[in-house]
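Peer 1: Take this structure first; my questions come after.
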Amino acid sequence: MDIIEQNMLEVHNPFNNELLEILPGDNRVSVLEAISRAEQYDYHLTGWQRYEILNQLCFLIEAHRKELKKIISLESGKTLSDADLEVTRAYQAFLLSAEEAKRINGELVPLDAVVGIEKGLAMVTREPVGIVAAITPFNFPLNLVAHKVGPALAANNPVIVKPSESTPITAIRLMELLHEAGLPEEMMQVVVGEPEWIVDIFCTDDRIRKISFTGSTDTGKKICHKAGLKAVSMELGGNDPMVILSDADIDAAIPIAVDGAYGNNGQRCTSIKRFVIEECIADRFIDRFVDVTRKLRVGDQLDPTVNIGPLINETAAKTVRNRIEATVKDGADLLCGGRRQGALLWPTVLDNVRNNSPLVARETFGPVAPFIRVKDFDQAIDVVNDTSYGLQSGVFTNDLCKAKAAASRIRAGGVMINRAPGFRAEHLPFGGIKNSGVGREGIKYAVDAMTYTKTIVM
Ligand code: NAD
């Protein structure tokens, strides 16, 4: 990505830096115009009309699957199979949103619960919150836009999306498909350009009522400081562990661990960012994990035989490479990988990593597998919780008591038993605690967060 003039945005393929598109970027006037246009939406769409539009969008997504898959892969660097999975997930997110559009239910509350107003009746309704500003990251250019746009529209709100400046083309194509599906243009708009001042306008303009952000913890904190009394949802970074206990089924765990660490080129908020493994099985597990890692192919994300494409840009790859070096200096053993070429980074395994080493103390976004050895279950849980993040965790064990104990003792938004932490289904609540965020996505939960309750007493 390059912002070449105040209002021109270049989008590049991170693999070879090929120029994909030059987009006219937004300026202060055009962002304010987008907000004014959104303000003109008169809330005329009924639940079933929103259902039909979102359903029609699903049909169009399926019809344009090949095209969407290619755009996602080109601008984000993810492999075509990861991009295909993303299209499927976005399809599901919009289908679930269509269904939620018909279920914006309130409740009746009898007033005889308190003395003196026995004859009264209260109705609690759920109302659209108003204009939603959706700010999204580069790593899922379609599905993370879907997780904001779908619920916003289901709840009858106009939405303005500011996608990552690295991956705006997918969001613009989605907007065109939504308009083709019959959505009034003022209900979904996309603005692109210099993030800081666009988001500043979102934070300070009173007509924006909700800010739904997905991205890094640092950016999320800055936005929260500026957003004042607006409703916010923050889906932020993570430092997710996969715990492997001594009784784990290693055959089952290996392929899940490999996909959990390297899927999406290791650039998922819930990628495995730390392996926490009991000492007595560590050698056996790590040897096999390294064997599989060495066989993975790195290169052009459009080549169907490639498993790991480029990181989002060369700077990102350099950052990860520097942290690998610093972690080796800190005493870790580099078992394989570590090579960098442009934005490509070869999948890297490190052993004997400390939980506060440079690679794991902060979120690292890339195909890296740091192993932290522990003596027993209790130490594993202590290591897992010794972090400022709390997104998701995975625990591999065949002991039901340990599975239950881990689920209750781990402080995170989700605990996956015999799965990698990266498990997410579009209808489940998803989000973190501590520095990993505030609020929950998952279609039904995001719809809730995009409405406010109104109490009507009769
Ligand atoms: P990022 O924070 O750099 O950017 C996210 C969005 O914020 C982009 O639209 C960007 O243009 C905008 N932005 C960047 N700097 C800004 C600023 N100073 N002021 C206002 N807006 C700004 O994140 P990224 O690199 O695009 O994405 C990776 C991060 O997102 C990782 O930390 C990852 O864990 C996180 N993420 C979280 C989830 C989740 O659901 N919890 C999902 C995906 C990604």
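The values are calculated or read from the model by the stated rules, or taken from the named source; none is laboratory data. On a predicted model such as this, the values are computed, not experimentally measured, just so you know. Cβ coordinates were reconstructed from backbone atoms using ideal geometry, including for glycine residues, and neighbour counts include every protein chain displayed. Areas reflect the complete protein model, heavy atoms only, side chains present, ligands, DNA and RNA absent. Shrake-Rupley method; radii C 1.70, N 1.55, O 1.52, S 1.80 Å.
Peer 1: Can you tell me the FRET efficiency between Ile254 and Glu118 if r is taken as the Cβ-Cβ distance and R0 is 60 Å, rounded to the nearest 0.05?
Peer 2: On the way: r = 64 Å, r/R0 = 1.07.
Step by step, r from the Cβ atoms, then E = 0.40.
Peer 1: Right, next: Output the 0 to 90 degree angle, nearest 10, between the alpha-carbon long axis of helix 65-76 and the longest principal axis computed from the alpha carbons of the chain.
Peer 2: In the chain, helix 65-76 runs at an angle near 60 degrees to the longest axis.
Peer 1: In whole percent, how big is the carbon plus sulfur part of the accessible area of the chain, probe 1.4 Å, protein atoms only? If you can, show how the numbers build up before the last one.
Peer 2: Numbers: 9800 of 18920 Å².
Ligands and nucleic acids excluded, carbon and sulfur reach 52 percent.
Peer 1: Using only alpha carbon pairs under 8 Å that are at least six residues apart, calculate the relative contact order of the chain and give it in whole percent. Please list the in-between numbers first.
Peer 2: On the way: 1044 pairs, mean separation 84.3, N = 458.
Averaging sequence separation for qualifying contacts and normalising by length gives 18 percent for the chain.
Peer 1: Residues of the stretch 159-226: accessible area per residue at 1.4 Å, in Å²? Intermediate results must be reported in sequence, preceding the final value.
Peer 2: Numbers: 2350 Å² over 68 residues.
For the stretch 159-226, the per-residue accessible area is 35 Å².
Peer 1: For the cross-link pairs Lys70/Lys404; Lys102/Lys210; Lys295/Lys434; Lys69/Lys434, which exceed 31 Å when the distance is taken from alpha carbon to alpha carbon? Can you show the working numbers first?
Peer 2: Details: Lys70/Lys404 42 Å; Lys102/Lys210 22 Å; Lys295/Lys434 37 Å; Lys69/Lys434 34 Å.
Exceeds cut-off: Lys70/Lys404; Lys295/Lys434; Lys69/Lys434.
Peer 1: With charges set only on the Cβ (+1 for Lys and Arg, -1 for Asp and Glu), what does the dipole of the stretch 313-372 come to about its Cα centre, in debye to the nearest 20? Kindly include the intermediate steps, with their values, before the conclusion.
Peer 2: Working: 8 positive and 6 negative charges, 31 e Å.
Computed charge dipole of the stretch 313-372: roughly 140 debye.
Peer 1: Would you mind calculating the relative contact order of the stretch 308-458 from Cα pairs under 8 angstrom and at least 6 residues apart, reporting the percent as a whole number?
Peer 2: On the way: 228 pairs, mean separation 22.2, N = 151.
Reported as a whole number, the value is 15 percent.
Peer 1: For the stretch 149-161, what does the Karplus curve 6.51 cos²θ - 1.76 cosθ + 1.60, with θ = phi - 60°, yield as ³J(HN,Hα) per residue in whole Hz, taken in order and with x for Gly and Pro?
Peer 2: Running phi through 6.51 cos²θ - 1.76 cosθ + 1.60 with θ = phi - 60° gives 5, x, x, 4, 6, 4, 7, 6, 9, x, 9, 10, 9 Hz.
Peer 1: Given the -39500 (n - 2.57) contribution per DSSP H run of 4+ residues, what per-residue ellipticity at 222 nm results for the chain, rounded to the nearest 500 deg cm²/dmol?
Peer 2: Working: 15 runs with 184 residues, N = 458.
Mean residue ellipticity, 222 nm, calculated: -12500 deg cm²/dmol.
Peer 1: Given the chain, what percent of its DSSP beta bridges are antiparallel, to the nearest 5?
Peer 2: On the way: 27 of 63 bridges.
Taking every DSSP beta bridge with both residues in the chain, the antiparallel ones total about 45 percent.
Peer 1: How large is the accessible surface per residue of the stretch 241-417, computed with a 1.4 Å probe and reported in Å² as a whole number? Numbers along the way, then the final one.
Peer 2: Details: 6980 Å² over 177 residues.
I get 39 Å² per residue for this part.
Peer 1: Name the long-range amide H neighbours of Val232: under 5 Å, sequence gap of 5 or more, or other chain; modelled H, no Pro or chain starts.
Peer 2: Ile211
Peer 1: Moving on. When a/c is below 1.5 the answer is rounded, else prolate if a/b is larger than b/c, else oblate, so apply that to the chain with a ≥ b ≥ c taken from the square roots of the Cα gyration tensor eigenvalues. Spell out each step's value before the answer.
Peer 2: Values: a/c = 2.00, a/b = 1.34, b/c = 1.49.
Note, shape of the chain comes out oblate.
Peer 1: Still on this model: Could you derive backbone 3J(HN,Hα) for the stretch 237-253 from the dihedral phi with the Karplus parameters 6.51, -1.76 and 1.60 (θ = phi - 60°), listing whole Hz in sequence and x where the residue is Gly or Pro?
Peer 2: Once rounded to whole Hz, the list reads x, x, 9, 5, x, 10, 8, 10, 8, 5, 8, 5, 7, 5, 4, 6, 6.
Peer 1: Quick check: from the Cα gyration tensor, does the stretch 241-417 come out rounded (a/c under 1.5), prolate or oblate? Provide the component values of the computation, followed by the final result.
Peer 2: Details: a/c = 1.71, a/b = 1.54, b/c = 1.11.
Prolate, since a/c reaches 1.5 and a/b exceeds b/c.
Peer 1: Hey, another quick one. For the chain, give the magnitude of the charge dipole about the Cα centre (Cβ charges: +1 Lys/Arg, -1 Asp/Glu; no others), in debye to the nearest 20. Before the final figure, lay out each step's value.
Peer 2: Values: 51 positive and 60 negative charges, 157 e Å.
That gives a dipole near 760 debye.
Peer 1: Counting only the backbone N, which residues of the stretch 349-378 are under 13 Å from the spot 7 Å out from the Cα of Lys221 toward its beta-carbon?
Peer 2: Answer for this model: 362-363.
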